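The values are calculated or read from the model by the stated rules, or taken from the named source; none is laboratory data. From a predicted model like this one, the values you see are computed outputs, not experimental measurements. Here the Cβ positions follow ideal geometry from the backbone for every residue, glycine too, while neighbour counts run over all protein chains shown. Areas reflect the complete protein model, heavy atoms only, side chains present, ligands, DNA and RNA absent. Shrake-Rupley method; radii C 1.70, N 1.55, O 1.52, S 1.80 Å.
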Amino acid sequence: MTAAVEFQDVSRHFGPVRAVDGVDLTIAEGSFFAMLGPSGSGKTTCLRLISGFEKPTGGAIRIFGEDVSNTPPHLRNVNTVFQDYALFPHLNVRDNVAYGLMVKGVGRAARHAKAEEMLALVKLDGYGDRKPAQLSGGQRQRVALARALVNEPRVLLLDEPLGALDLKLREAMQDELKALQHKLGLTFVFVTHDQHEALSMADSLAVFNEGKIAQIGSPQDIYDRPATRFVADFVGSSNVLPPDLTRALGGPAQWASLRPEATRLAATGPVSGTVTALRYLGSGTRVVIHTGATEIAALVPAGQPVPAEGATTAIAFEPQALHLMGTN
Amino acid sequence: MTAPAILPAKGAADRLTGVFWRRPGLLLLLLVTPPLLWLGVVYLGSLAALLLQSFYSIDEFSGVVKEEFTLKTYAELFRAQNLDIILRTVVMATAVTLACAVLAFPIAYYAARYAKGPWKAAFYLGVMLPLWSSYLVKVYAWKLILAKEGILGWAAEGTGTGFIIDGILSVPFLEGSSLSTSPFGTFLVFVYIWLPYMILPMQAALERVPNSMLEASADLGATRSQTFRTVILPLALPGVIAGSIFTFSLTLGDYIIPQIVGDSSRFIGLTVYQLQGTAGNTPLAAAFAVVPILIMLVYLSLAKRAGAFDAL
Amino acid sequence: MQTMKLMATTALCAWTAITPALAQVTEIGAPEGQVNIVAWPGYIERGETVKEFDWVTKFEAASGCKVNVKTANTSDEMVALMNEGGFDLVTASGDASLRLVAGDRVQPINTDLIPSWSTVDERLKSAPWHTVDGVHYGVPYMWGPNVLMYNSEVFKEPPTSWNVVFEEQTLPDGQSNKGRVQAYDGPIHIADAAQYLMFHKPELGITSPYELNEEQYKAALDLLRGQRELVSRYWHDAFIQIDDFKNEGVVASGSWPFQRNLLQADGQPIASVIPQEGATGWADTTMMHVDAANPNCSYLWMEHTLSSNLQSDLAVWFGANPSVPAACTDGRGMSTAETCTGNGMDDFDKIRFWTTPVSNCSQGEGACVPYYRWVSDYIGVIGGR
């Protein structure tokens, strides 16, 4: 597969701040790629390096093999869906969507036809005459999407595209975006700080921390086999075990991660603790066990007995469920 | 002992706040009544009196105002010399507004998008400072700057650029023995005096344009100039219009500057001043005073039609 | 009721209709304690601007009348203030005085109650701008000519004619007068043009520059249209004109002795002359409001204004001429025969004083062009029409 986007030792420093620091990255063509990380981790800067709103202070960026280090944004065949949508308030929906064609000099009739086509694609037929202010958040999001797609970019960049939507709408849009990406076969690169969103939507993702990529891989890889404590901590609800605890549980003296759903409760075992919190999740109950300095979560499937708060219990798991992450 | 669910009112202020909470309209009423009275009675009242006066006429023989309804006074506005005044004023106001807009835009743009911290403070200071000194002092200072033997003439002579001034002064309608006696001088002083009134609203409007809007435009393939024309300008337009309302109407009404700098040709403000003053021709003065109001109404409706307020 | 007697009774109204004006005051009673005066700026000085120029303090002490002054910048402001009421006296110029008389805003003056009346310049005693049908409506205060001021480096010999500001010509320094002369920015300047025509075009039959029929008026406007080509800027403010003579290269203009004095004091090569055609001028009169609340103090003040030391100092202060000729020579104030001559004291006959043009004039009912048209037409002339 061709690489849609390639970063080679790319850095973007703002004075002493290393927003992006020596990043190597390859995004395959046609993939749905997520950049995940907490705020200030460099993920958005990476997106802006692709769109051209930031210039790298070091390294090289290639889009479909072409070095774009000296290419201004308007000449890059990539488009962005902005976090705040950045719809033009003075233009109606149709003209917003047709904007990319207008600046290229496409005639009014042709660009309006294409805009209607795009609006149909995002299920907003008939909304062309409205002003952005007259639309709901979800509708604006779709307009932003239609507008970014009208130029038929080879890469679509999405900056926290669903951040402003409520939960239900967000889930619906996740499915739609995914479907759209399949339909168009485009490369989607999207930035998010929501690990569920990243894991559920992306074909592959990069986890950012302090300007560097902490881990890159498929959602499965990231979730099951976090490379570092940071990834394990950030990506999810995995238990992070310090080296002494790992050893106590029968492993080598290394940091390790253990998924709650792989953790079982047992009457006896090498490590035990007190139940400090219970949370009913519908499909099961999440039980938090306090063992010395570490809290370990276990997911008790529905139908199985749940210990009471304050009870003492031991921990058990299949040996292959323990994922080792090294000594630091 | 448990605390009561309702805390005791501590005094008049607590009780008053309670009254306002129960009747939110009351506070609003109390707040807006005085200014509304001011606006309604004093302002609209005087406007009505003005309109009324403009429908009176002056008796040809005695020069006494005849308090009978007539359109004769308005017809007088169409005498060639009065049309000259209106045209001259409108042309000047338009030129001043355009020049202010062109000069103010880069300044406002810089202040809104780039200036930070102390530079921003310096910008505000620089724009506001001229407003702190007396208007008359500034105008008299400009008279001296533009005078034949003034600073500008002296500098032009010293640098061998006097031909530029001579060139300006030989342009039809801008003739004069020096910049200070040329309509071009009047124009310069108007632009200087009103410029802050253009910069400030423009800057406020530009500040409200999010950066992502400009990035979105570039992202969609627009060049800088396309972004300027299709995004920045339309979004800044309410500010430009607000500023131009200031510069335009202030120029329409001013009667000091053309008295001190320029070739003594009358502008609307000066004519009103003179007609109601020395001539005692209050009806014609009132009719002249109605002209800027009409011009502003036409201007605003044109601006509205052009979509100037779409981004509001 | 004081000893003053008011004659405005119903019974007397019928009688006054036959002899329309008779002084309301027949006796001066006890002073009321104050007098309220509308005056031109600089006309009533109490030593606050320059210590030596004070003609109020002593009067207040001697009469017990406190002097309250409201300054007004135009004749119309004065008329408006007098219409509002609340004032006792006004220093009205000729273009305001007749309007005040016609509007019944001022009352006839009983000259018998003003001992110094006998000292007033004979030429002013019955001047038409305050005397109507033989009745005096005020006491002359001050007068002055509108002189031709010129730059004495350009004009080695004083110009003999107003043509230097009316007609394009080469001045003695070899350059054109275009852009180097000024004219007064007030419609009353039409009278200056008319006066010039009186001398140079007698066939027009102008008898007074303030009484112009349509034909004469048109000729005056035509002359002014030609003048517009010469004038870069008209003057209306004395200090701006002073600045223009210093910084704008203006070398000749109609002006007041006031500006000439200030320019000369500044060391500028400036002089003035009353050319062969004569000059227009202004003469101000202290007039008394018809409803004056303080008539006794008013009469005391009018008497005081005619004291020769006041007249003498005022003449120097304002660059004008006293209404009491003795003020020039009796040495009671700062004026001397020379300063009076410099201000135009001897040129009275050459001067035609400002008066409001009205349509009913000596040429007949409605024969003359009234003032309001002067205003609008002069605006047109300055605007290039």
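Under 5 Å from the amide H of A:S31 lie the amide H atoms of A:F188, each residue being 5 or more positions distant or on a separate chain, with H modelled from the backbone and absent for Pro and chain starts.
Among beta bridges from DSSP that stay inside the protein assembly as shown, the antiparallel ones total about 70%. Restricting attention to the range A:3-232, close to 55% of DSSP beta bridges with both partner residues there are antiparallel. With Cα atoms defining each centre, the range C:322-370 and the range C:74-140 are spaced 15 Å apart in the structure. The mean count of C-beta atoms from other chains within 10 Å of the C-beta of residues in A:44-54, rounded to a whole number, is 1.
Taking every residue in B:175-183 and counting other chain Cβ atoms within 10 Å of its Cβ, the average works out to 5. Can you tell me which of C:N146, C:N73, C:N294 moves the most in a GNM of chain C? Springs connect C-alpha atoms under 10 Å apart. For chain C, modelled as a Gaussian network with Cα springs under 10 Å, the answer is C:N73.
Need one word for the range A:3-232: rounded, prolate or oblate. Basis is the Cα gyration tensor (sqrt eigenvalues a ≥ b ≥ c); a/c below 1.5 gives rounded, then a/b vs b/c decides.
prolate
In the assembled protein chains, C:R46 presents an accessible area of approximately 80 Å² (probe radius 1.4 Å).
In the range A:182-289, which GluC sites (Glu not before Pro) are in a loop and have at most 16 other Cβ atoms within 10 Å, using DSSP for the loop call? Can you show the working numbers first?
Values: sites: A:E197, A:E210, A:E261; in loops: A:E210.
Hits after loop and neighbour filter: A:E210.
Spin-label model, A:A133 to A:A164: label points 7 Å out along the Cα-to-beta-carbon direction sit 1.5 nm apart.
In sequence order, the range A:40-46 has phi-based couplings of x, 8, x, 5, 5, 4, 4 Hz under the Karplus curve 6.51 cos²θ - 1.76 cosθ + 1.60, θ = phi - 60°, and Gly or Pro positions carry x.
As a calculated quantity, the FRET efficiency between B:L71 and B:V298 at R0 = 22 Å, using C-beta atoms, amounts to about 0.65. On the beta carbon distance between A:N70 and A:E152, with R0 = 25 Å, the FRET formula returns roughly 0.60.
Over all other residues within a Cβ to Cβ distance under 14 Å of B:Y192, the charged ones net out to +1, with Lys and Arg as +1 and Asp and Glu as -1. With all protein chains kept in place, the per residue accessible area of the range B:22-119 amounts to 65 square angstrom at a probe of 1.4 angstrom. Within a straight-line Cα-Cα reach of under 22 Å, C:K125 can be paired with the following lysines, leaving aside sequence neighbours fewer than 8 residues apart in one chain: C:K350. Applying the Karplus relation 6.51 cos²θ - 1.76 cosθ + 1.60 with θ = phi - 60° to the range A:19-27 yields 3J(HN,Hα) values of 5, 10, 9, x, 8, 10, 7, 10, 10 Hz, where x marks Gly and Pro. Between the Cα long axis of helix C:189-200 and the first principal axis of chain C there is an angle of about 60°, rounded to the nearest 10.
If you filter the range A:76-170 for trypsin sites (Lys or Arg not before Pro), then keep DSSP loop positions with at most 12 other Cβ within 10 Å, what is left?
Working: sites: A:R76, A:R94, A:K104, A:R108, A:R111, A:K114, A:K123, A:R130, A:R140, A:R142, A:R147, A:R154, A:K168, A:R170; in loops: A:R76, A:K104, A:K123, A:R130, A:R154.
Within the range A:76-170, the qualifying trypsin sites (Lys or Arg not before Pro) (loop, at most 12 other Cβ atoms within 10 Å) are A:K123.
In terms of the Cα gyration tensor, with a ≥ b ≥ c the square roots of its eigenvalues, is chain C rounded because a/c is under 1.5, prolate because a/b exceeds b/c, or oblate? Oblate shape, in that a/c is at least 1.5 and b/c is the bigger or equal ratio.
Buried area at the B:C interface is about 2900 square angstrom, summed over both chains, from accessible surfaces computed with a 1.4 angstrom probe. Spin-label model, C:N83/A:E171: points 7 Å from Cα along the beta carbon direction are separated by 8.1 nm. Surface exposure of the range C:254-360, expressed per residue as accessible area with a 1.4 Å probe, stands at 32 Å².
In this structure, the amide hydrogen of C:V231, modeled 1.01 Å from its nitrogen in the peptide plane, lies closer than 5 angstrom to those of C:G179, counting only residues at least 5 positions away or on a different chain.
Taking every full run of DSSP H in chain B, the ones that stretch at least 24 Å from end to end by Cα along their long axis and average -1.0 or higher on the Kyte-Doolittle scale are B:80-113, B:183-207, B:233-253, B:282-305. Backbone phi angles across the range C:306-320, fed through the Karplus curve with coefficients 6.51, -1.76 and 1.60 (θ = phi - 60°), yield HN-Hα couplings of 8, 5, 5, 6, 5, 4, 5, 5, 4, 4, 6, 4, 9, x, 10 Hz in residue order; Gly and Pro are listed as x. Considering only B:V19, B:V171, B:V90, the Gaussian network model of chain B with Cα springs below 10 Å gives its largest mean-square fluctuation to B:V19. Using only Cα coordinates, the Kirkwood hydrodynamic radius of the protein assembly as shown works out to 37.0 Å.
The alpha-carbon of A:K178 sits under 23 angstrom from the alpha-carbons of these lysines, leaving out residues fewer than 8 places away in its chain: A:K43, A:K114, A:K123, A:K168.
Computing FRET efficiency as 1/(1 + (r/R0)^6) for C:T336 and B:M128, where r is the C-beta to C-beta distance and R0 is 51 Å, gives about 0.40. Once the Cα atoms are used to define both axes, helix A:93-102 deviates from the longest principal axis of chain A by about 70 degrees.
If you take the Cα centroid of the range C:201-247 and the Cα centroid of the range B:112-178, the two points sit 32 Å apart. Rounded, prolate or oblate for the range C:277-371? Axes are the square roots of the Cα gyration tensor eigenvalues, ordered a ≥ b ≥ c, and the cut-off for rounded is a/c under 1.5. Oblate is the answer for the range C:277-371, as a/c is 1.5 or above yet b/c matches or exceeds a/b. Rounded to the nearest 500, the 222 nm mean residue ellipticity of the protein assembly as shown from helices alone is -13000 deg cm²/dmol, with -39,500 (n - 2.57) taken per DSSP H run of at least 4 residues. Sorted into 5 angstrom bins from 0, the C-alpha pair distances of the range C:85-140 split as 4, 19, 31, 26, 15, 5, 1 percent.
Seen from A:A253, the other residues with C-beta closer than 15 Å to its C-beta sum to a net charge of +1, counting Lys and Arg as +1 and Asp and Glu as -1.
Which one, A:R48, A:R247, A:R259, has the greatest fluctuation when you compute a Gaussian network model over chain A with C-alpha springs under 10 angstrom? Sorting by GNM fluctuation, first place goes to A:R247. For the range B:85-120, the list of trypsin sites (Lys or Arg not before Pro) that fall in a loop by DSSP and count at most 14 other C-beta atoms within 10 angstrom reads B:K116. How many angstrom lie between the Cα centre of the range B:194-270 and the Cα centre of the range A:287-328? Result: 67 Å between the Cα centres.
Listed by chain and number, the lysines placed with their C-alpha closer than 25 angstrom to that of C:K178 are B:K143, B:K148, C:K156, C:K201, C:K218, C:K246; residues fewer than eight positions away on the same chain are left out. Using a 1.4 angstrom probe on protein heavy atoms only, the contact between A and B buries about 1800 square angstrom of accessible area, both sides summed. Here chain A exposes an accessible surface that is 50 percent carbon and sulfur, computed with a 1.4 Å probe and the other protein chains kept in place. The order of the peptides B:287-294, B:130-137, C:53-60 by mean Cβ neighbours within 10 Å, most packed first, is B:287-294, C:53-60, B:130-137. Take each residue in B:219-232, count the other chain C-beta atoms within 10 Å of its C-beta, and the mean is 6.
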